[in-house]
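Shown next, in structure tokens, is the structure this report addresses.
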Amino acid sequence: MIKSIYISLFVFILICLVSIQTKSLEDSYVLKSNKSEFIAGEHVQLEFGYNTDSDVMLYCSNSYGSILLDPEISAKILKFNIPDSISKKSGVLNWKLIAKTNNLQGSINVKPKPSIKSLESYLGPPSIEAGGTDYTMLVVIPTDDLDNPMADSTKVQIKHQFLNNEISDTVSTLHGFTYKTINSYKESGRILISSECLDLNSKEYDVNVMPAIPTNFTIKAERIHNYADGNQITTFKTSQIIDRFNNVVSDGTFVTFFITDQNGNKTQTYGSTINGIATAKMLHPDHEEQWSVKAYIEGMANSETITLGFKQAISNFEAALSDDNRTITVGPLQSFMKQRVPDGLFITLSIYKNKVLVNEIQEQSYNGMANFYLSEDEYSNGSYHLEIETAGLSKTLTNITYE
Amino acid sequence: MKNASNKYLTVALLIGIAFHGTSIFFTLETTYDALIHLFFADHYSGSWFEPWNYKWYTGFTVMSYPPLVHQSIAALSFIGGLKFGMFTIALIGIILFITGVYRFSLLITSNRTVAGYASVLAVFSSSFVETLHIFGQLPSIIGISVLMHALPEIYLWLKTGKWRYLATSLSLISVTVTSHHVTPIFGMVFFIFPLIGMVIMDDAREKVQTIKEITIKVFMSSFFKLFKRIISFGMLSLTIIIGCILPYWINSKNNPITQVPIPHGSRDNFLEITSSGLVFFLIPWGVLLVLLPYIFYRYYSKRYLFFGLSITILFILGTGGTTPIPRMVLGETAFNILTLDRFTLWASIMSLPLFGEFAYRFVEGDLKTLIQDRYGAIFHRLSGGILAGLFLFMTIFTMSLGYFKPSQPQKIKMLPIVNFLNQDQHDQWRYMTLGFGDQMAWLSAQTNALSVDGNYHSARRLPELTTRPIERLENSKFKGVEGIGSLQQFLTTPEKYNLKYIFSNDKFYDPILYFCGWQRLRQLENGIMVWEKLNVPPLSSILPKEDVGTWQKILWGTVPFLTVIIAFILNVQFLLVHTLKTRITADPLYMKFKNNYSKFSKGLLKASHIWSIILAVIVGYGIYIFYIKNESHHSPENAILAYYDALDFKGFEKAHSLINPESDLTIAQYMLEVSVTDGLLSSYAKLDAISTEIISNTDSLASVKVFTDWITPLEKIKQTDYKKLVKLNGKWYLQPDDINIDLPPDQLYSDNLTKYFNQGRRRITTEQTHHEDVLKQPVLEILDAKLVKYKNSYAIVGEIQNIDNVPSDVVLKGTLYNDENKKLATYNAKHHIKHKLLPKEVSSFRINFEGIAWSKTNDSIPKTFNPDEFTPIELEEQPTKFNLQAAGNISGSDLFKNTAVSVTKKDKDYLFGNIINTGTEEVTIPQLLVSYYDADKKLKWVDHLFIEEGVRQQRQQNFKYKMIDTSPIETISEDMSNCYVNGLPNEDISDKIVADRIVNHNNTEHQQIIHGEYNFIKLEVNTYIGNPN
């Protein structure tokens, strides 16, 4: 029995306490302001009525940051002036009254201004590939003069021009921004893009549409004559290289020309395109030769193989020994019209002693002639076998003896 | 008389200030050390109490060098700028030195005239001239000078026990230690210990009648009598040495010098390397060498016995590596850290009092009488003339050394560089200088930008630097393989150090910069070429630093000046009294111990003569050897050596004078031939070693086989040439070589090129680049990449293509992982790649994983030089996976591609062919990239060949390439899933842009080879254009 009395007493006290507290809660601070929606930039003031304790602060927080405010007290009213730096940001502004006993809290909705000030826009990537699959994207954020994004569902026109097309699309903002992807066209060129919102126009943006990957092409060779004189230069040219949408590939596209000679030895020469045509050069061979030439843009396109024949320019040559057998004179080396070959033709002399290669000397022709001197210091007594080679021809001089 | 100013000292001061004070303006800035001290001073002028300096070595602490001199310059710089501070301190140093020598000499000789003579001689002493005007060691000079001022005070303390002298001597010791830390430590051993011995001797002398009566017993009793004073002085000075620069010692303990020793000329064998012998032995000793018998005789007399021992040790230590003794005495570590020239400097300074004494006795004392009596007055005058002549010759010779053999490059105007770094936020990255010499310190002092390099090697922290015996990256070409190797690591992975700009004053480095992927930005108006590297992130705004306690900073910032102030207060009385002669003072105690200058030892005179004759013979023989070695026409070898030497130093006129005059090769024709040859060997090579082998030699003809080793920035080149020589009129001449006489077909020809220009910021603004002005990174595609192992080293080989429409600079970074995804190593592609790719161009690549060479200090460092020396990284675990990051950046430079390559012949070891230049630029250094394929045409390896000669327009150059041996190459991983391009997965990019790629497109065009292991190769050419039109 006593136990139940205790319990009921305890419960009673508890209820009393709770009710006192609830009462004081309701009584102490009351929000007097009833406006909970503002336009950004408006002055926001919160007023609270209070009974006894005016030692309170207001905690405000929004997307911009947080602040603690002291009240202005007049006639049992606590006035809090939210500073501009906070109130000019659109969005939800949460507040909380910080007092000793109770903590009132609530929120204010700050709406952006209805008038537009600027269009913040971002475009990327700045270059895309022709063909229609690659695209660029424009992101637009219309903002008011306090830099708040406009309210959602604001209409934005995104316009672009390419060749003869001028297209305008209308999109609406969501979460403060809007975007539009713009696909490339088949042609290469430049797309100009701009946007418009509430009669405000953005500046001009541009995107370069680059040609797509190249397609197969043909090559040709240009040369002064078809003799293998080891001096003139053959020029290889591609046809105008285009992509599959007929766009000329961008300047500087790298083309490798592979030349294969009769022995399977490879020569590579390189060119880069200008207006779609790549040019590469190669020196003529110095002996009769048949070239197979094929050009590649690796992994993407290639030409057919063309063949190129070079006729022997030097039909024969003389090699003479001096009296002491120490000087070998080669020449005159005559080209296809019996003219002396241009300077610089290589002549190789291989010297064998007892069928073993002792030395190999290379000389260049000068006025169609070349001289080799075998000094006593290096080539002592004995019998030598000499082999002279030039322009794919060779001569041998056997049993040259020095004493 | 007694109280008159010493006129010799007055003269010495006047001449000294006039002579050194004017000449420092022409010498000090080109010395080795002065500008470094200037840089430190600049640091203090900006942040007196903050010891951390970010400007060098990715940050270092200035607590690694005693601060007094630097702080003094900094304090003076507030009045008239840094250089004003430096010259003022130098002047103070000169005054302190001359007066210091005077006081030290007076202490030793107890004769004012002799001390006066010594102070005059000190002005011109070649060791002082060298230290000031060649080395620029200001702290060292101030340190030793103040120490000399301290010596009389120490003597008086020990002798009299008056506390006043203890205070003055300790105050001077503290000034010494705050200006130079090594001086008081070794000064203790070599100057103060013998001084203590002398005090004890003097004390003992007072107990007995003559000096001969001093026995060990007497000596010991004096020693015990003075023991307390000695010990108290010793302990207190030790406390001061430690306490005044305590932060220095703490720093040394925390960051011990765990570096590979840097070679220093003072450790050479002076007989082998004569230039070191000249600079570190002959010059500092100078005319004192002639007087050695006198100096040793005098210092080994009983009173100075301990000085005798000291100077003997100093003399021997100063001989460096000539004898093994210094190494044994000092131990391996100390021998390799200390620069031994300081011992010679101290020995020569220690000799100055006796030099003065000798001069006094020779000019007006007993020696004069003796010589005149024995040999007559003429001989006396003559020998005096010879000695004076020698002395002046050494002084002038030393002064002019910097003029005739400049140790520094020409003075560089720094303003354009400073402006460049200030412009356009260029100081957001680190920079490096090449070929600036010690002037780099002056640049650092003037700019806020940070350098990777630095000029105070004890403060280096990066293991890439400390593991190599190089002082600076800046002059790495002089440091052989270690230097260039270290430099190459910085050039290959610059993003690790935020290194974006290089200022090059030496075109020697151009090829390595190019082949490491750097590009020329522009030439500044002072002729310095600026190189930049793309894809390097800027420095973060907060940089790491090692902080120290505030008490250390306060101690460091205040104590040095306090020591000066205290020393000044304590010594000012003496100074005023002695200079202004305000009152008559008693002579100091040491003046009691006068020497007897009346009887010059005849034996000594004789010994001196014999010694002079020996010296004269040695010098004569040396000159003869020098002549024989350098007379270029003397023998075929001499002619060859002189010829190559002339070529090496680009002395073409000299080289032409060695060509057979009957060969009709005019100097004009010769110069023309030289000017048209370009290439790695003729433009970028330094002769490293040369040896000759005479094949045949008759009276008038010789054939010589010449073996040469050339250092180039890229690799070491060994060459064997055959030269023929003729003898005409008793002189040997070289026969000229043949030149290339190939005639190109076209006189004038045209070539079309696509050029690119990047506007950068289109709007002139200091803001960050507007986002619409930022170009898209070019899209690359990694066609093939695999991790392979070849001869114990790992590499990533593969192929990369620029699949964009714009030219691209390519940076490739590979990382190796083990099975547990632990990162093992990371490195960039160095020169096994074409760094600049045109649209759609392909390059093979190889990434070597290079370790920090000789990272273990006990690894033997190869003696010979090879810049291409490759140290495979030591991996503790087996790498099984790799990550490859390719970054493209638009670049319009170095896009010359008009070089054809042709194979003409092949055998099982070699490939022969030609490089043909069909363009309009002269190719300076052609590089071949050679990719090896197996029978299935799968890529196995990428190799390279630098062709030594350049290729002129429309001409060809043949090459001979030695193929790799048949060691098997193990392919460890072909998984390309971790390949990224500009941060995006490689596969996604390739699927999007080149969806229908023709795989193995030009496989059929690979060159078939005769090789035991591989069946095909592919050749690519990369060209360095030295002088773009």
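All of the numbers you see were taken from the coordinates with simple rules; none came from a lab. As the structure is a computational prediction, the values presented were derived from the model and not from experiment. Here the Cβ is made from the backbone with ideal geometry for all residues, glycine too, and neighbour counts use every protein chain on show.
Listing B:206, B:153 from fewest to most neighbouring C-beta atoms within 10 Å gives B:206, B:153.
Sorting B:507-513, A:145-151, B:706-712 by their mean Cβ neighbour count within 10 Å, with the most densely packed peptide first, gives B:507-513, B:706-712, A:145-151.
Placing unit charges on each Cβ (+1 for Lys and Arg, -1 for Asp and Glu) gives region A:319-402 a dipole about its Cα centre, and among A:335, A:354, A:386 the Cα reaching farthest toward its positive end belongs to A:335.
When you count the other C-beta atoms within 10 angstrom of each residue and take the mean per peptide, B:713-719, B:323-329, B:487-493 line up highest first as B:487-493, B:713-719, B:323-329.
Restricting region A:335-403 to trypsin sites (Lys or Arg not before Pro) that sit in a DSSP loop and have at most 10 other Cβ atoms within 10 Å of their own Cβ leaves A:338, A:355.
Its Cα centre serving as origin, region A:219-312 has a Cβ charge dipole (Lys and Arg +1, Asp and Glu -1) of approximately 160 debye. Compute the acute angle (0 to 90°) between the alpha-carbon long axis of helix B:636-648 and the principal axis of greatest extent of the alpha-carbon atoms of chain B; round to the nearest 10°. So the helix axis and the longest Cα principal axis differ by about 80 degrees. The mean number of Cβ atoms from other chains found within 10 Å of a Cβ in peptide A:208-218 is 2, as a whole number. Measuring nothing but how far apart in sequence close Cα pairs (under 8 Å, 6+ apart) lie, relative to its length, chain B scores a relative contact order of 10 percent. So if I take the centroid of the Cα atoms in region B:970-1011 and the same for region B:121-140, what is the distance between those two points in Å? Here the answer is 65 Å between Cα centres. In this Cβ point-charge picture (+1 for Lys and Arg, -1 for Asp and Glu), chain B has a dipole of about 5700 debye about its Cα centre. Here the dipole of the protein assembly as shown is about 7320 debye; that uses its Cα centre as origin and unit charges on the Cβ of Lys and Arg (positive) and Asp and Glu (negative). Among B:289-295, B:543-549, B:135-141, the peptide with the highest mean count of other Cβ atoms within 10 Å heads the list, and the full ranking is B:135-141, B:289-295, B:543-549. Ordering B:276, B:1006, B:701 by Cα displacement along the dipole of chain B toward the positive end leaves B:276 in first place; charges were set at the Cβ atoms of Lys, Arg (+1) and Asp, Glu (-1). Applying the criteria of a DSSP loop state and at most 16 other Cβ atoms within 10 Å to the GluC sites (Glu not before Pro) of region B:620-673 yields B:631. Counting every C-alpha pair in chain B, the share spaced more than 55 angstrom apart comes to 28%. Taking max minus min of the alpha-carbon positions on each principal axis, the protein assembly as shown gives extents of 141, 119, 63 Å, largest first.
Within the same chain, lysines fewer than 8 places from residue B:654 are excluded, and of the rest, those with a Cα less than 25 Å from its Cα are B:405, B:477, B:507, B:629, B:686, B:705, B:718, B:723, B:724, B:727, B:731.
Return the loop-located chymotrypsin sites (Phe, Trp or Tyr not before Pro) in region B:525-567 (DSSP other than H, G, I, E, B) with at most 11 other Cβ atoms within 10 Å of their own Cβ; answer none if there are none. Within region B:525-567, no chymotrypsin sites (Phe, Trp or Tyr not before Pro) qualify (loop, at most 11 other Cβ atoms within 10 Å). Applied to region B:622-628, the Karplus parametrisation 6.51 cos²θ - 1.76 cosθ + 1.60 on θ = phi - 60° returns per-residue 3J(HN,Hα) values of x, 5, 4, 4, 4, 5, 4 Hz, with x for Gly and Pro. Listed by chain and number, the lysines whose alpha-carbon sits under 24 Å from that of residue B:253, ignoring those within fewer than 8 places in the same chain, are B:55, B:545, B:553, B:856.
Structure note, pairs A:35/A:79; A:338/B:905; B:496/B:813; B:834/B:1018; B:836/B:962: Cα-Cα distances above 20 angstrom occur for A:338/B:905; B:836/B:962. Here the translational diffusion coefficient of region B:634-734 follows from Stokes-Einstein with Rh set to the Kirkwood radius across Cα pairs; for 20 °C and 1.002 mPa s it amounts to 151 µm²/s.
When the Cα positions of A:172, A:192, A:149 are compared along the charge dipole of region A:125-210, A:192 comes out farthest toward the positive end, with charges on each C-beta of Lys, Arg, Asp and Glu.
Summing Lys, Arg as +1 and Asp, Glu as -1, what charge do residues with Cβ under 13 Å from the Cβ of residue B:25 carry, residue B:25 excluded? Result for the neighbourhood of residue B:25: +1. For the segment B:891-900, counting C-beta atoms of other chains within 10 Å of every residue's C-beta and taking the mean gives 3. Neighbours of residue B:85 by Cβ distance under 15 Å: Lys/Arg scored +1, Asp/Glu scored -1, total -1.
For chain A, the longest principal axis of the alpha carbon atoms and the long axis of helix A:2-28 meet at an angle near 70°. Non-local lysine pairs in region A:131-289, meaning eight or more places apart or on different chains, with alpha-carbon distances under 29 Å, amount to 15.
Counting, for every residue in A:245-258, the Cβ atoms of other protein chains within 10 Å of its Cβ and taking the mean gives 5. Under 16 Å of direct C-alpha separation, and excluding same-chain neighbours fewer than eight residues apart, residue B:500 reaches these aspartates and glutamates: B:424, B:427, B:453, B:474, B:510, B:532, B:809. For chain B, the longest principal axis of the C-alpha atoms and the axis of helix B:480-492 are separated by about 50°. The residues neighbouring residue A:158, those whose beta-carbon lies less than 11 Å from its own, together hold a net charge of +1 under the Lys/Arg +1, Asp/Glu -1 convention.
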